[in-house]
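Single-structure report; data block below.
The values are calculated or read from the model by the stated rules, or taken from the named source; none is laboratory data. Quantities reported herein were computed from a predicted structural model and do not represent experimental measurements. Using ideal geometry, Cβ is built from the backbone for each residue, glycine included, and neighbour counts are taken over all protein chains shown. Side chains included, ligands, DNA and RNA excluded: accessible areas come from the protein's heavy atoms. Shrake-Rupley method; radii C 1.70, N 1.55, O 1.52, S 1.80 Å.
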Amino acid sequence: MNLKNEFGSGKRSMVGPLLIRLRDLGLLVTGLENVSPSMSRAVIEAFIRLHEKGLIYQGSYMVNWSPKLQTAVSDLEVEYSEEPGTLYYIKYRVAGGSRSDFLTIATTRPETLFGDVAIAVHPQDERYSKYVGKMAIVPMTYGRHVPIISDKYVDKDFGTGVLKISPGHDHNDYVLARKLGLPILNVMNKDGTLNEVAGLYCGLDRFEARKKLWSDLEETDLAVKMEPHSLRVPRSQRGGEVIEPLVSKQWFVTMQPLAEKALLAVEKGELTIIPERFEKIYNHWLTNIKDWCISRQLWWGHRIPVWYIVGNDCEEEYIVARSAEEALMRARDKYGKDVEVYQDPDVLDTWFSSALWPFSTLGWPDELAEDFKRFYPTTMLETGHDILFFWVARMVMMGIEFTGTVPFSYVYLHGLIRDSQGRKMSKTLGNVIDPLDTIKEFGTDALRFTLALGTSGQDLNLSTERLTANKAFTNKLWNAGKFLLQVLPNRDNVSGWQNIEACKFNTEGYLLRLPLPECWVVSKLHMLIDAVTESYNKFFFGDVGREIYDFFWGDFADWYIEASKARIYHSGDDSVALVAQTVLLYVFENILKLLHPFMPFVTEELWQALPNRREALIISSWPQTALPRSTDLVKRFENLQALTRAIRNARAEYSVEPAKRVTASIVGSEEVIQYISEEKEVLALLSKLDLDNIHFADSPPEDAKQSVHLIASEGLEAYLPLADMVDISAEVQRLTKRLSKMQTEYEGLKARLNSPKFIEKAPKDVVRGVQEKAAEAEEKINLTKNRLALLKSTVMLLQ
């Protein structure tokens, strides 16, 4: 006897004695021997309570059957894909009619015709009205007759407008048959082969039977034609094989009463789904929910807590109990002391026990358990959007049903991780990324940060480039920490640390007394703390990561750390250096706090490496919000940044040697010159200017015509003497050669564009590409000519 097949067939009375014998021999295994007794208790208790309320029932209904796994699967475990198929046109002769009296039926699954119980046409279809009420002969069934009926369900425009009703093998036909009171005829075995109802085709695989049946129909002149047809094929999410709709005796949960409460929780604001667009999907699914088939014909899982009486063929009589002992006791009370019982061999869908997870893990059904009282309900569930129905909605329904409370207030749905091309990872494609290998190469923090930067609900394409960039970010953070340890006072410098700890950045007065770079970076930090805290509160985790990344790398590392070197290494004033040290530590500490949820390992390591750490970073307090900041001073420093960038760009444009310090004249209004000149050392360090030859004025210098003129911002300009930046004669020669080469290339492009044959015969995108190259070349030529003119005029003035 094939135990798997029998278990799924409803013939439990036949296998009962065998199960008892296997149990006594210790050979009956469910795969859950190591499951916590408290977890099993919760699953059993949930089943019993739902059964007692009439929400769990047993019956023979249409289910999704997996022939390969030989088990029922839920609607959510079926994936539909558009695949090329065939539409078969078959003649059904009208009983008692002439050879010309037949109906042609179009079907994608001819092998199911053995399960036909009726032929249906639309009531208003005049083509077939004369046949309604008569009988049709099902092909290849030795003359079996089925009634020809009319029903509005039939689509007149699909195929031939005639529908074969096979309620044992089609969900829609099943519903129609139950409405019309038609019988259910099953032609399929559990393994996907045809059964004895199919006559000569019995034992053939469903797809083999299809081929043989069509061949036989052609021989008997009952095959009309076949044509290509796109099919929406249901496949098992687990095994990948085509799912077979099959009527089978299973256990079901009535979902509508549970779904109504889960819908109300979102409507009343007790549950918030992030991102919000998934609320519509959640509501749609629960509004149209079907009863849940919870039984599975597998060898692993929680056994269904139902027992039957050995020798009793009536399976409608069963006992629901919390244990075998309780079931036996109740059976003896009803049937006598010699009775024997055997447990239902089916197991529960794993999603049934998973739906209890928020409270079963905390001690439920003991609601006085300390963990349950302390941690239920929780605040937020974070999970993938692909299991919103499999898991999330079911947890909500079960949580409300068994505890009266929504299990969590927020559901945060992250996207799926795909490969760099946006494809789902699979062994077949060979694009699976192993997290352990990734961690070895890039580090845990870099991987975490990369994944966390994704937008909620949107899939993330994971690429080596992303991981490499965030590994560099981790290294940058580490190097910043090393720099701080080098410049901070020694651990035994008590007075130095007392001075640092005495600085308080939470008052506006102290902030405004800071020098411009320090006031700028502290103000920007305080703005960051507010923005990040708000984003955290809204669960905008991707925004949090990007905001911290931009501030740390773009503001702190690239600008303030570099500016602080002017204080620490070049000022010669300990008090000035102390201010920079204090700000460096204050900003870096807060960056570590903000970044810790994303990158716990490197941030904790850096935190505890800093002197005078009184507690671990993970338990330190969150940065205070609404701290003072000065937008005016931030704008002033941004002017200094604009000036620095302009000078850097000019140096790059004229290929100034990196180590060369150049002269500069800074021109601006009195107010601007005042605060820029106060940061002369910072400007010189960041822009690589000659500190002794930086001049500040309110008008252009005398050698303005021999200088590179830079406009940094409104009211702030700079003049860099050309002679101080490059060897003018050598630069003239270099640019002259370059101009000659550019003009040759430009003339070649223009020659192609002036050729009628090229314009007429070349593809439009090729012509457009040449036009764009010519325009770009012309622009470069004009820029080079202007620079050459400036250099030559400078040479003449210097002679």
For LYS635, list the lysines whose Cα falls under 16 Å from its own Cα; do not include residues on the same chain fewer than 8 positions away. LYS524
Karplus couplings for the range 396-412 from phi (6.51 cos²θ - 1.76 cosθ + 1.60, θ = phi - 60°), rounded to Hz, Gly and Pro as x? 4, 4, 5, x, 5, 5, 9, 10, x, 9, 4, x, 8, 8, 10, 10, 9
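Could you tell me what percent of the DSSP beta bridges with both partners in the chain are antiparallel, to the nearest 5?
Details: 64 of 83 bridges.
Bridges in the chain that DSSP calls antiparallel: roughly 75 percent.
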With 22 Å as the limit, write out which pairs from LYS741/LYS780; LYS179/LYS280; LYS152/LYS225; LYS68/LYS249; LYS593/LYS688 have Cα-Cα distances beyond it, or answer none. LYS179/LYS280; LYS152/LYS225; LYS593/LYS688
Need one value: the accessible area of ARG49 in square angstrom, 1.4 angstrom probe, rounded to the nearest 10. 80 Å²
Taking one equal scatterer on every alpha-carbon of the range 442-629, how large is log10 of I(q)/I(0) by Debye at q = 0.12, 0.18 1/Å? -0.59, -1.29
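Take the residue pairs LYS91/LYS134; LYS761/LYS785; LYS261/LYS373; LYS476/LYS565; LYS211/LYS290 and return only those whose Cα atoms are more than 25 Å apart. Don't skip to the end; give the middle numbers.
Details: LYS91/LYS134 16 Å; LYS761/LYS785 35 Å; LYS261/LYS373 22 Å; LYS476/LYS565 17 Å; LYS211/LYS290 34 Å.
As for pairs spanning more than 25 Å Cα to Cα, those are LYS761/LYS785; LYS211/LYS290.
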Considering only protein heavy atoms, what is the solvent-accessible area of LYS750 at a probe of 1.4 Å, reported in Å² to the nearest 10? 80 Å²
Please report, largest first and rounded to whole Å, the three semi-axes of the ellipsoid equivalent to the range 424-521, where each semi-axis is the square root of five times an eigenvalue of the C-alpha gyration tensor. 43, 18, 10
So how far, in whole Å, is the C-alpha centre of the range 627-678 from the one of the range 689-760? 21 Å
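With a 1.4 Å probe and all protein chains kept in place, how do ARG614, ARG423, ARG332 rank by accessible area, largest first? Mind dumping the intermediate values first?
Details: ARG614 195, ARG423 85, ARG332 110 Å².
The ranking, largest first, comes out as ARG614, ARG332, ARG423.
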What's the Kirkwood radius of the range 602-748 in Å, using all Cα pairs? 18.7 Å
Collect residues whose amide H, placed 1.01 Å from N in the peptide plane, falls under 5 Å from the amide H of ASP291; neighbours closer than 5 in sequence don't count. MET255
List every residue whose amide H lies under 5 Å from the amide H of GLY85, counting only residues 5 or more places away in sequence or on a different chain, with H placed 1.01 Å from N in the peptide plane. HIS229, SER230, LEU231
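Using heavy-atom solvent-accessible surface (probe 1.4 Å) with all chains present, what is the largest-first order of THR428, THR663, THR582?
Per-residue accessible area, sorted high to low, gives THR428, THR663, THR582.
Can you tell me the relative contact order of the range 729-798? Whole percent, Cα pairs under 8 Å, sequence separation 6 or more. It would help to have the intermediate numbers written out before the result.
On the way: 29 pairs, mean separation 33.0, N = 70.
Computed value for the range 729-798: 47 percent relative contact order.
Top to bottom by accessible area (1.4 Å), largest first, where do PHE375, PHE102, PHE390 land? Walk me through the numbers before you get to the answer.
Details: PHE375 100, PHE102 65, PHE390 15 Å².
I get PHE375, PHE102, PHE390, largest accessible area first.
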Could you compute the FRET efficiency for SER571 and ALA775, with r as their C-beta to C-beta distance and R0 at 51 Å, rounded to 0.05? 0.50
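Would you mind working out the accessible area per residue for the chain, using a 1.4 Å probe, and quoting it in Å²?
Spelled out: the 1.4 Å probe surface of the chain, per residue, equals 50 Å².
Calculate for the chain the 222 nm mean residue ellipticity that helices alone would give, adding -39,500 (n - 2.57) per DSSP H run of length 4 or more and normalising by residue count, nearest 500 deg cm²/dmol. Spell out each step's value before the answer.
Numbers: 29 runs with 355 residues, N = 799.
For the chain, the value works out to -14000 deg cm²/dmol.
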If you stretched the chain out fully between GLU441 and GLU367, how much longer would it get, using 0.36 nm times the residue separation minus the C-alpha to C-alpha distance? 22.0 nm
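Leaving ligands, DNA and RNA out of it, report the carbon-plus-sulfur percent of the accessible area of the chain at a 1.4 Å probe. Before the final figure, lay out each step's value.
Values: 20210 of 39890 Å².
On the chain, the fraction of accessible area on carbon and sulfur atoms equals 51 percent.
For the range 464-581, what is the relative contact order in percent, using Cα pairs closer than 8 Å and at least 6 residues apart in sequence?
Numbers: 52 pairs, mean separation 30.6, N = 118.
In percent, rounded to a whole number, it is 26.
Relative contact order (percent) for the chain, with alpha-carbon contacts under 8 angstrom and 6 or more residues of separation? All intermediate terms of the calculation are to be shown ahead of the outcome.
Numbers: 1221 pairs, mean separation 75.0, N = 799.
About 9 percent, as a whole number.
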For the range 240-317 versus the range 551-602, the gap between their alpha-carbon centres in whole angstrom: 56 Å
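Assigning unit charges at the beta carbon (Lys, Arg +1; Asp, Glu -1) and nothing else, what dipole magnitude in debye, to the nearest 20, does the chain show about its Cα centre? Kindly include the intermediate steps, with their values, before the conclusion.
Values: 94 positive and 108 negative charges, 397 e Å.
The dipole of the chain has a size of about 1900 debye.
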Whether the range 290-340 is rounded, prolate or oblate, judged on the alpha carbon gyration tensor where a/c under 1.5 counts as rounded: prolate
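Rounded, prolate or oblate: which one fits the chain, using the alpha carbon gyration tensor with axes a ≥ b ≥ c (rounded when a/c is under 1.5, else prolate when a/b beats b/c, else oblate)? Present the calculation step by step, with values, prior to reporting the outcome.
Details: a/c = 3.64, a/b = 1.80, b/c = 2.02.
Verdict is oblate for the chain.
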Of TYR746, LEU194, PRO700, whose Cα points farthest to the positive end of the dipole of the chain (charges on the beta-carbon: +1 Lys, Arg; -1 Asp, Glu; origin at the Cα centre)? LEU194
For ARG661, the accessible surface traced by a 1.4 Å probe with all protein chains present amounts, in square angstrom to the nearest 10, to 110 Å²
Search the structure for amide H atoms under 5 Å from the amide H of ILE273, placed 1.01 Å from N in the peptide plane, and list their residues when 5 or more places away or on another chain. VAL411
Using a/c under 1.5 as the rounded threshold, could you call the range 470-509 rounded, prolate or oblate? The axes a ≥ b ≥ c are square roots of the C-alpha gyration tensor eigenvalues, and prolate needs a/b larger than b/c, oblate otherwise. oblate
